[in-house]
Amino acid sequence: MDSRPIGVFDSGLGGLTVVKSIKALLPSESIIYFGDTARVPYGNKSRELIKEYSSEITEFLVKKDSKMVVVACNTVSAMVLSTLKKNNSIPILGVIEPGVAEAISITNNKYIGVIGTIATVNSDAYNTALKALDSNIETISQACPLFVPLAEEGWLEGDVVNMVVAHYLSPLKEKNIDTLILGCTHYPLLKNAIANQFNKTTVLIDSADAVARAVQKQLSDFDLLNNKDEKGSLFCFVTDIPMHFETVGQQFLGSPLDSVQIVHDF
Ligand code: DGL
């Protein structure tokens with residue numbers, strides 16, 4: 001029994017899609033969320049900068065007495081997860097492996113599409129992780145750099161969104177993929193627009209639920225679960241409060257963001 005919070009972070013608000021799934025599966029757990037809203041997006045930054053930013057945030061969450069840290073950002077998970085794990089003694093969980101395992105369990109024809117930020121796609125982390133589980137898998141990857149600003153602005157539908165989505169996804173539509181991994185925690189917000197580009201048999205993988213199950217397993221393995229029959233809290237730290245913060249935050253989390261604090265020096 002451990003009532004300390006789970007630390008969760010992302011470059012912006014996208015990681016709240018993961019928080020939503022953790023809250024649903026583990027309602028007694030308290031969560032501290034850190035969204036680096038002043039420095040989003042990470043997906044077009046260098047490995048060095050992504051390492052610096054994510055190390056600072058992990059240190060912040062450890063100082064806040066987190067019992068584990070969930071890297072709710074594919075970009076950070078793809079580029080520097082092993083460094084974060086090496087430099088910290090508490091469990092650190094990324095989002096790539098849970099999504100990969102789910103995609104492998106769903107695909108029939110073994111053609112899997114992966115969409116993500118430029119950094120995630122260039123890292124080849126999904127392709128490597130998929131092939132490690134099944135060498136017969138064929139992956140087709142596509143970076144969609146404009147999806148993050150669209151989601152952070154709350155632009156989720158309409159002509160502009162459909163045009164941008166159609167532009168990025170056209171190379172994938174030509175391939176016979178039966179499974180598409182949404183390899184960025186911002187993309188579930190654009191799920192409808194993305195799904196409209198494919199036929200109904202293509203399954204979209206939003207790894208948030210798979211990540212929540214992986215969190216449950218790690219907490220259980222390390223004897224860190226909070227089994228108390230009471231509702232856990234959610235506290236959010238952000239590095240800026242951008243325009244439309246409340247509306248967009250609510251879209252990601254599925255409920256209002258009540259407790260939010262800005263941090264400048266951490
Ligand atoms: N939501 C993040 C991800 O999963 C980061 C997007 C970004 O900051 O570019 O990759």
Note down, for the range 1-86, the three equivalent ellipsoid semi-axes (square root of 5 times each alpha carbon gyration tensor eigenvalue), biggest first, whole angstrom. 22, 14, 10
Show which aspartates and glutamates lie in cross-link reach of Lys217 when reach means a straight Cα distance below 16 angstrom and same-chain residues fewer than eight apart are skipped. Asp2, Glu29, Glu97, Glu102, Asp209
Within 10 Å of each candidate Cβ there may be at most 16 other Cβ atoms; applying that plus a DSSP loop requirement, which trypsin sites (Lys or Arg not before Pro) in the range 62-169 survive? Lys64, Lys110
Can you list, largest first and rounded to whole Å, the semi-axes you get for the range 185-266 by taking the square root of 5 times each eigenvalue of its Cα gyration tensor? 27, 24, 12
Packing-ranked peptide list from 149-158, 182-191, 220-229, highest mean Cβ count within 10 angstrom first, is 182-191, 149-158, 220-229
In Hz, Karplus ³J(HN,Hα) per residue of the range 226-243 (6.51, -1.76, 1.60; θ = phi - 60°; x = Gly, Pro): 9, 8, 4, 8, 9, 6, x, 9, 10, 10, 10, 10, 9, 9, 6, 10, x, 3
Can you list the DSSP H helices in the chain whose Cα atoms extend at least 18 Å along the helix axis and whose mean Kyte-Doolittle hydropathy is 0.5 or higher? 159-173
Roughly how many Å is it from the Cα centre of the range 219-245 to that of the range 16-48, as a whole number? 10 Å
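At R0 = 35 Å, how high is the FRET efficiency between Gln197 and Phe222 if r is their beta carbon distance? Nearest 0.05 is fine.
Using R0 = 35 Å, I get an efficiency of 0.30.
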Calculate the spin-label point distance for Asn136 paired with Glu230, positioning each point 7 Å from the Cα along the beta-carbon direction, and give it in nanometres. 5.3 nm
If the range 130-193 were replaced by its equivalent ellipsoid, with semi-axes equal to the square roots of 5 times the Cα gyration tensor eigenvalues, what would those be, largest first, whole Å? 25, 13, 9
Kindly identify the range 56-193 as rounded, prolate or oblate by the Cα gyration tensor criterion: order the square roots of the eigenvalues as a ≥ b ≥ c, call it rounded if a/c is under 1.5, otherwise compare a/b with b/c, prolate if a/b is larger, else oblate. oblate
How big is the range 23-131 by Rg and Dmax over its Cα atoms, in Å? 14.9, 46
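Would you mind computing the Rg to Rh ratio of the range 1-43 from its alpha-carbon coordinates, Kirkwood style for Rh? Working shown, then result.
Details: Rg = 11.6 Å, Rh = 11.1 Å.
With Rh from the inverse mean 1/r over Cα pairs, Rg/Rh is 1.05.
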Using the charge dipole of the chain (Lys, Arg: +1 at Cβ; Asp, Glu: -1 at Cβ; taken about the Cα centre), state which of Gly249, Ser30, Gln218 has its Cα farthest towards the positive end. Gln218
Counting only helical runs of four or more DSSP H residues, what would the 222 nm mean residue ellipticity of the chain come to if each run contributes -39,500 (n - 2.57) and the total is spread over all its residues? -13000 deg cm²/dmol
Percentage, to the nearest whole number, of Cα pairs in the range 134-249 over 21 Å apart: 53 percent
Segment Ser259-Leu25, length gained on full extension (0.36 nm per residue, minus Cα span): 82.2 nm
Compute, for Met1, the solvent-accessible surface of its heavy atoms (probe 1.4 Å) with the complete set of protein chains present, and express it in square angstrom to the nearest 10. 130 Å²
Accessible area of Lys20, 1.4 Å probe, to the nearest 10 Å²? 100 Å²
Taking only the Cα positions of the chain, the convex hull volume per residue in Å³ is 120 Å³
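The values are calculated or read from the model by the stated rules, or taken from the named source; none is laboratory data. Keep in mind that this is a model prediction, so the values were computed, not measured. All Cβ positions, glycine included, derive from the backbone under ideal geometry; neighbour counts span all protein chains shown. Each accessible area value is taken on the protein alone, full model and side chains, heavy atoms only, with ligands, DNA and RNA left out. Shrake-Rupley method; radii C 1.70, N 1.55, O 1.52, S 1.80 Å.
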